[in-house]
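S.K.: Before we start, here is the structure in question, set down as structure tokens.
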Amino acid sequence: MRLKLHLLLSAAALLPLTMCQQNNSALLPAGTLQAVDPAADTLLGEAKGWMAAGELSKAKSKLKDIAYNHAAAPCAPEARLLLAEVYEKQGLPRDAFNEYDKIVKHYQSSPLYVKALDRQLAMAMAAAEGTLQVSVLGLWKAELEAGTVEEWLAGVINNAPYNEMAATATSILARYHLRKERFEEAALTFATLVEKYPDSRYAPEAQLMVAQLWAGSRTRGDRNLANLTRAQEAYEEFSLRFPNHPDAGKALKEATNVRRLLVQQELETGRYYLERSREYQAAQFCFESVIRQKSINPEAAAEAQKLLQKAQALSAVQKKKS
């Protein structure tokens, strides 16, 4: 009985050790690589052979075996990279991007980390430009949906190990909004680029784009006064942030032009109160404000002076009647 109990206890003691040996990679922290894994190396060699022969499905099977069953093998990052390349060749960009993402997140010590991140940026850029397309029912090609493009670019921004790559992705995202005619989102994204990455090579152009987008909004039927004010501030901020930029003087000139437009808009608002809604007190307030800004728009100020007299006279008549 004692001998039997001793054997049972010995077997129980050996069981955890055996299990650990069989699932060694599963117990290692994510991204940790073993010294060697001959089985994974064999699978990788077979996968490369199938890829060379053009048998992508067979290669994918071997590479997925490494990725999921030998995640701690020294060749695991390379297997993931090749798996992503297979997905790209098969026209499965979403799966490819996800595989690159796994390398970036789990194998940061691998020399393939930067290559995976570069591929993510290249794919996101192609998707934003519309050159990366997917098959629809095998009948035609279509651009990736906006949600996926934005998600990819946001992923690159979060994964980027240095500001310039994140700034590049932010610039691409802003231009994607622009291409889709989402002008307010484009302006806000360009503004984010300037705030987060002021030393980036993209920052001056981004600041100028912010100003131009807000200034251009008046021709698209947006809120004129609010957006023109934003444009003026953006042009002035450009000249302050980048005083040595070749376009600094031009930005100040544009800021002056926008201020003239703002004064003109105020004159038109006063004219509306005077001639359409007959709110003479409000009209006088607008005309007096325009006159105070004579140095910015003398023509508008001269017109406001004439209209102010008319508004005062009509206001006096209105008071007598009441």
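S.K.: Looking at E181, E205, can you tell me which residue is outside any helix (DSSP H, G or I) and not hydroxyl-bearing (S, T, Y)? So that I can check it myself, show each step before the final result.
M.R.: Numbers: E205 fails: outside any helix (DSSP H, G or I).
That would be E181, the only listed residue that is outside any helix (DSSP H, G or I) and not hydroxyl-bearing (S, T, Y).
S.K.: Is there any pair with a first residue in the stretch 126-146 that is on the phi > 0 side of the Ramachandran plot and a second that is not hydrophobic (A, V, I, L, M, F, W, C) whose Cβ atoms are under 6 Å apart and which are 6 or more apart or on different chains, and what are they?
M.R.: G130/E143
S.K.: If we scan the stretch 80-96, do we find a residue that is at pLDDT 95 or above and within 19 Å of I172 (Cα to Cα)?
M.R.: The answer is yes, given that some residue of the stretch 80-96 is at pLDDT 95 or above and within 19 Å of I172 (Cα to Cα).
S.K.: Next question. Output the residue which, of all residues in the stretch 254-285 that are in the same structural domain as A301 (by TED's automatic domain parsing), out of contact with any Leu (no Cβ under 9 Å at 6 or more places or on another chain) and hydroxyl-bearing (S, T, Y), is nearest to E299 (Cα to Cα).
M.R.: For the stretch 254-285, the residue satisfying everything is Y272.
S.K.: Does S289 meet the test of being modelled with pLDDT under 95 and either under 23 Å from N257 (Cβ atoms) or surrounded by fewer than 19 Cβ atoms within 10 Å (Cβ to Cβ) (or both)?
M.R.: Numbers: modelled with pLDDT under 95: no; either under 23 Å from N257 (Cβ atoms) or surrounded by fewer than 19 Cβ atoms within 10 Å (Cβ to Cβ) (or both): yes.
No; evaluated as a whole, the condition is false for this residue.
S.K.: In the set Y235, Y202, which member is within 28 Å of K115 (Cβ to Cβ), aromatic (F, W, Y) and in contact with a helix residue (DSSP H, G or I) (Cβ under 9 Å, 6 or more places away or on another chain)? First the steps, then the outcome.
M.R.: On the way: Y235 fails: within 28 Å of K115 (Cβ to Cβ).
Exactly one of Y235, Y202 is within 28 Å of K115 (Cβ to Cβ), aromatic (F, W, Y) and in contact with a helix residue (DSSP H, G or I) (Cβ under 9 Å, 6 or more places away or on another chain), namely Y202.
S.K.: Something else: Return yes or no: is D95 of a type in the set (D, E, K, R) and within 30 Å of V149 (Cα to Cα)? Steps first, please.
M.R.: Values: of a type in the set (D, E, K, R): yes; within 30 Å of V149 (Cα to Cα): yes.
Yes.
S.K.: I'm trying to understand the selection: among the residues of the stretch 253-289, which are in a helix (DSSP H, G or I) and among the basic types (K, R)? Explain how you work it out, then say what you get.
M.R.: Start the filter on the stretch 253-289 by keeping residues that are in a helix (DSSP H, G or I), which leaves 253-275, 280-289.
Once the filter is applied, which keeps residues that are in a helix (DSSP H, G or I) and among the basic types (K, R), the stretch 253-289 yields K253, R259, R260, R271.
S.K.: Which condition number does A169 fail, the rest of (1) without any contact (Cβ under 8 Å) to a residue 40 or more places away in the chain; (2) buried (at least 18 other Cβ atoms within 10 Å of the Cβ); (3) part of a helix (DSSP H, G or I) being met?
M.R.: Every listed condition holds for A169 apart from (1).
S.K.: To continue, here is another question. Take K250 and decide whether it is more than 43 Å from the chain's Cα centre (by Cα), without any contact (Cβ under 8 Å) to a residue 12 or more places away in the chain and assigned to a helix (DSSP H, G or I).
M.R.: Values: more than 43 Å from the chain's Cα centre (by Cα): no; without any contact (Cβ under 8 Å) to a residue 12 or more places away in the chain: yes; assigned to a helix (DSSP H, G or I): yes.
Against the criterion (more than 43 Å from the chain's Cα centre (by Cα), without any contact (Cβ under 8 Å) to a residue 12 or more places away in the chain and assigned to a helix (DSSP H, G or I)), K250 does not qualify.
S.K.: Still on this model: Which members of the stretch 235-290 meet the condition of being among the hydrophobic types (A, V, I, L, M, F, W, C) and closer than 25 Å to K310 by Cα?
M.R.: Step one: list which residues in the stretch 235-290 are among the hydrophobic types (A, V, I, L, M, F, W, C), which gives 238, 240, 242, 248, 251-252, 255, 258, 261-263, 267, 274, 282-283, 285-287, 290.
Hits for the stretch 235-290 are L261, L262, V263, L267, L274, A282, A283, F285, C286, F287, V290.
S.K.: Still on this structure, I have one more. Could you list all residues from the stretch 43-56 that are part of a helix (DSSP H, G or I) and either over 37 Å from the mean Cα position of the chain (by Cα) or at pLDDT below 95 (or both)? Break it down into steps so the answer makes sense when it comes.
M.R.: Here is the first cut: in the stretch 43-56, the residues part of a helix (DSSP H, G or I) are 43-52, 56.
If the condition is that a residue be part of a helix (DSSP H, G or I) and either over 37 Å from the mean Cα position of the chain (by Cα) or at pLDDT below 95 (or both), then L43, G45, E46, G49, W50 are the ones that fit.
S.K.: Is at least one residue of the stretch 256-274 surrounded by fewer than 17 Cβ atoms within 10 Å (Cβ to Cβ), free of Cβ contacts under 8 Å to residues at least 12 places away in the same chain and within 24 Å of L314 (Cα to Cα)?
M.R.: Scanning the stretch 256-274 turns up at least one residue that is surrounded by fewer than 17 Cβ atoms within 10 Å (Cβ to Cβ), free of Cβ contacts under 8 Å to residues at least 12 places away in the same chain and within 24 Å of L314 (Cα to Cα).
S.K.: Give just the number: which of (1) out of contact with any Ser or Thr (no Cβ under 9 Å at 6 or more places or on another chain); (2) in contact (Cβ under 8 Å) with a residue 24 or more places away in the chain; (3) polar (S, T, N, Q); (4) surrounded by fewer than 20 Cβ atoms within 10 Å (Cβ to Cβ) does N158 not satisfy?
M.R.: (2)
S.K.: Going through A76, A59 one at a time, which residue ends up being farther than 20 Å from Y113 by Cα, modelled with pLDDT of 95 or more, assigned by TED's automatic domain parsing to the domain that holds N98 and surrounded by 17 or more Cβ atoms within 10 Å (Cβ to Cβ)? Write out each step before concluding.
M.R.: Working: A76 fails: farther than 20 Å from Y113 by Cα.
Testing whether each residue is farther than 20 Å from Y113 by Cα, modelled with pLDDT of 95 or more, assigned by TED's automatic domain parsing to the domain that holds N98 and surrounded by 17 or more Cβ atoms within 10 Å (Cβ to Cβ) leaves just A59.
S.K.: Here's a check for you: in the stretch 281-322, which residue that is of a type in the set (S, T, Y) and free of Cβ contacts under 8 Å to residues at least 12 places away in the same chain is nearest to E268 (Cα to Cα)? Give the steps one after another, and end with the answer.
M.R.: So in the stretch 281-322, the residues of a type in the set (S, T, Y) come out as 289, 295, 315, 322.
Of the ones still in play, those that are also free of Cβ contacts under 8 Å to residues at least 12 places away in the same chain are 295, 322.
Details: S295: 18, S322: 27 Å.
It comes out as S295.
The values are calculated or read from the model by the stated rules, or taken from the named source; none is laboratory data. All values derive from a computational prediction rather than experimental measurement. With ideal geometry, Cβ positions are generated from the backbone for all residues, glycine too; neighbour counts draw on all protein chains shown.
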